[in-house]
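One structure below.
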Amino acid sequence: MARRRRKGQAGKWVGRLLMALLAIPALYLTAALAGSLLPVNRSWSEPSQGTTIYLADNGVHVDIVMPIRAQGLDWARVVPTSDFAAVDPNAGWIAFGAGEKRVYLDTPTWWDITPRTISAALAGGQRVMHVEYVPSPAYTVRQIRLRPEEYRRLWAGIRADLVLDQRGRPERLDHPGYGPSDAFYRASGKASAFRTCNSWAAGRLRLAGVRSSLWPPFAQGLVWRYRRYSPLKPFGG
């Protein structure tokens with residue numbers, strides 16, 4: 001009888017452990033849904049005139065795409081084209097995304113995902129910035145028109161996340177990038193399942209004063225708030 005009771009108690013503990021393990025992703029998804037629906041800067045409205053930025057979305061990750069030069073600010077002076085293998089001479093835009101170092105550097109394609117990179121994404125690690133010069137924002141999915149002061153705050157927020165070397169320049173990582181027009185830089189802070197690439201993008205928009213989702217760990221939780229990209233509208237308008 002005592003042995004049966006011990007087996008029954010062990011079974012209960014195993015059942016409770018399984019329930020707890022199943023509850024963790026359920027709680028995460030519930031929090032992600034709530035964080036994606038709850039707005040910050042809710043009084044913000046898009047102006048009729050200003051500088052347009054774009055959001056690129058590959059279904060998992062969001063990049064912020066900005067003009068190289070606008071409002072008296074020049075990204076080419078911060079991340080010079082000499083840091084890149086071969087930037088398209090017609091490039092007029094620059095894309096920024098931030099994420100966990102091992103995930104970014106070790107997975108140029110989704111086929112390169114391994115248990116190690118999944119573990120890094122969940123547990124967290126050093127954040128890096130992926131920067132890419134692009135010829136146009138035609139590949140993006142959303143657009144947001146900003147007032148001059150909002151654009152400058154966004155620019156400054158992204159700039160502040162770049163870690164500087166001893167010469168005062170953003171510290172480029174020794175990595176070939178995914179192609180000739182992109183590179184990786186050290187970034188401040190950590191990235192994890194709670195501080196994802198998409199919540200980073202939302203945070204930069206929030207600092208700019210734009211209405212954004214409170215905590216969108218997934219791409220869809222951020223991009224749904226903004227106008228769809230329209231090729232009929234001028235890229236700068």
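The values are calculated or read from the model by the stated rules, or taken from the named source; none is laboratory data. Not measured: the values here are computed from a predicted model. Positions of Cβ are generated from backbone atoms using ideal geometry, with glycine treated the same way; all protein chains shown enter the neighbour counts. Areas reflect the complete protein model, heavy atoms only, side chains present, ligands, DNA and RNA absent. Shrake-Rupley method; radii C 1.70, N 1.55, O 1.52, S 1.80 Å.
If the requirement is being of a type in the set (V, I, T) and over 30 Å from I113 (Cα atoms), which of these qualifies: V87, V65, V78?
V78
Within the range 79-88, restricting attention to residues that are open to solvent by 40 Å² or more (accessible area, probe 1.4 Å) and outside any helix (DSSP H, G or I), which residue is nearest to Y151 (Cα to Cα)?
Across the range 79-88, the extreme among qualifying residues is D88.
Could you give me the residue pairs with C-beta distances under 6 Å whose first residue belongs to the range 156-175 and is closer than 21 Å to R69 by Cβ and in a loop (DSSP other than H, G, I, E, B), whose second residue is hydroxyl-bearing (S, T, Y) and open to solvent by 20 Å² or more (accessible area, probe 1.4 Å) wherever it lies, and which are 6+ apart or on separate chains?
D161/S188
Given A91, A76, which one is modelled with pLDDT of 95 or more and not in a loop (DSSP other than H, G, I, E, B)?
After applying the criteria, what remains is A76.
Test R204 against the criterion of being open to solvent by less than 50 Å² (accessible area, probe 1.4 Å) and part of a helix (DSSP H, G or I), and give yes or no.
Yes.
Consider the range 92-121. How many of its residues are open to solvent by 20 Å² or more (accessible area, probe 1.4 Å) and of a type in the set (A, V, I, L, M)?
Residues meeting the conditions: 5.
Can you confirm whether L205 is aliphatic (A, V, I, L, M), at pLDDT 95 or above and either touching an Asp or Glu at 6+ places or on another chain (Cβ under 6 Å) or over 19 Å from D74 (Cβ atoms) (or both)?
yes
Among the residues in the range 101-119, are any modelled with pLDDT of 95 or more and of a type in the set (F, W, Y)?
No, the range 101-119 has no match at all.
Output yes when any residue across the range 56-63 is farther than 19 Å from S230 by Cβ, open to solvent by less than 20 Å² (accessible area, probe 1.4 Å) and either assigned to a strand (DSSP E or B) or in contact with a strand residue (DSSP E or B) (Cβ under 8 Å, 6 or more places away or on another chain) (or both), and no when none is.
Checking the range 56-63: not a single residue is farther than 19 Å from S230 by Cβ, open to solvent by less than 20 Å² (accessible area, probe 1.4 Å) and either assigned to a strand (DSSP E or B) or in contact with a strand residue (DSSP E or B) (Cβ under 8 Å, 6 or more places away or on another chain) (or both).
Hey, can you tell me all the residues within the range 124-163 that are under 21 Å from G203 (Cα atoms), more than 17 Å from the chain's Cα centre (by Cα) and surrounded by fewer than 17 Cβ atoms within 10 Å (Cβ to Cβ)?
Result: P148, E149.
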